Amino acid sequence: MGKLIVISAPSGAGKTSIVNFLLKQIEALSFSVSACSRARRENEKDGIDYHFLAMEEFQQKIKKGDFLEWEEVYKNQYYGTLKSEVERIWRKGKTVIFDLDVIGGINIKEQYPNKCLSIFIMPPSLTILEERLQKRGSESADSLQKRIAKAEREIAKSEEFDKVILNDDFSMVCRHTMKVIQKFIG
């Protein structure tokens, strides 16, 4: 069994950009594509950004035990990690890297306490986080408020992670995260 790297953060804290940087820099890493039941955004590709599943299909996979972890993040919006994704990456002899919400990250760490490095990317402040989410232009006012409220709950769980790294300078957070991961995977 290989190793796992979990990168978690509130939505808008920069975890996806950091993971994309790490994938370009560390050849031993391979990205675990999460599954979700939400609608695909205009710029997203199935099997690349997410495995987009209809809600019924997602629920069937839950019943069959196909997920390593899953969560109903928002009402009728499920996200999860398919066991087949992790197995696919380990068969290639790579280290799995995840871009997960906080609960998903904690769930993976609990299942693989000695094989998993969990990293929480801390936003500089909730105000800055809200500005980043607004710049995306993909959130309604109601959705934005739900994400900020969720971010507050997620930040409170940051101490459950192996490392907490502040994202106030993107190039520095990328370099620091890369050093922490390289030390872990050897």
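The values are calculated or read from the model by the stated rules, or taken from the named source; none is laboratory data. Keep in mind it's a predicted model, so treat the numbers as computed, not measured. Methodologically, a virtual Cβ is constructed for each residue, glycine included, from the backbone with ideal geometry; neighbour enumeration extends over all protein chains shown.
Quick look at the values:
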quantity	calculated
Matching option when the condition is crowded, with 18+ Cβ neighbours inside 10 Å, of a type outside the set (Phe, Trp, Tyr) and under 14 Å from Thr81 (Cα atoms), among Ser37, Ser11	Ser37
Helices (runs of 4 or more DSSP H) contained entirely in region 7-125, each with at least 3 residues that are closer than 17 Å to Ile185 by Cα and modelled with pLDDT of 95 or more	15-25, 83-91
Residue in region 104-122 that is loosely packed, with under 15 Cβ neighbours inside 10 Å and β-branched (Val, Ile, Thr) present	no
Neighbours by Cβ (under 6 Å, 6+ apart or cross-chain): first from region 50-64, under 18 Å from Phe98 (Cβ atoms); second among the small types (Gly, Ala, Ser) and part of a helix (DSSP H, G or I)	none
Selection within region 157-186 - free of Cβ contacts under 8 Å to residues at least 24 places away in the same chain and either assigned to a strand (DSSP E or B) or more than 17 Å from the chain's Cα centre (by Cα) (or both)	Asp169, Ser171, Met172, Arg175, His176, Lys179, Lys183, Gly186
The listed residue being closer than 12 Å to Gly12 by Cβ and not basic (Lys, Arg), out of Ile89, Ile106, Ile97, Ile128	Ile128
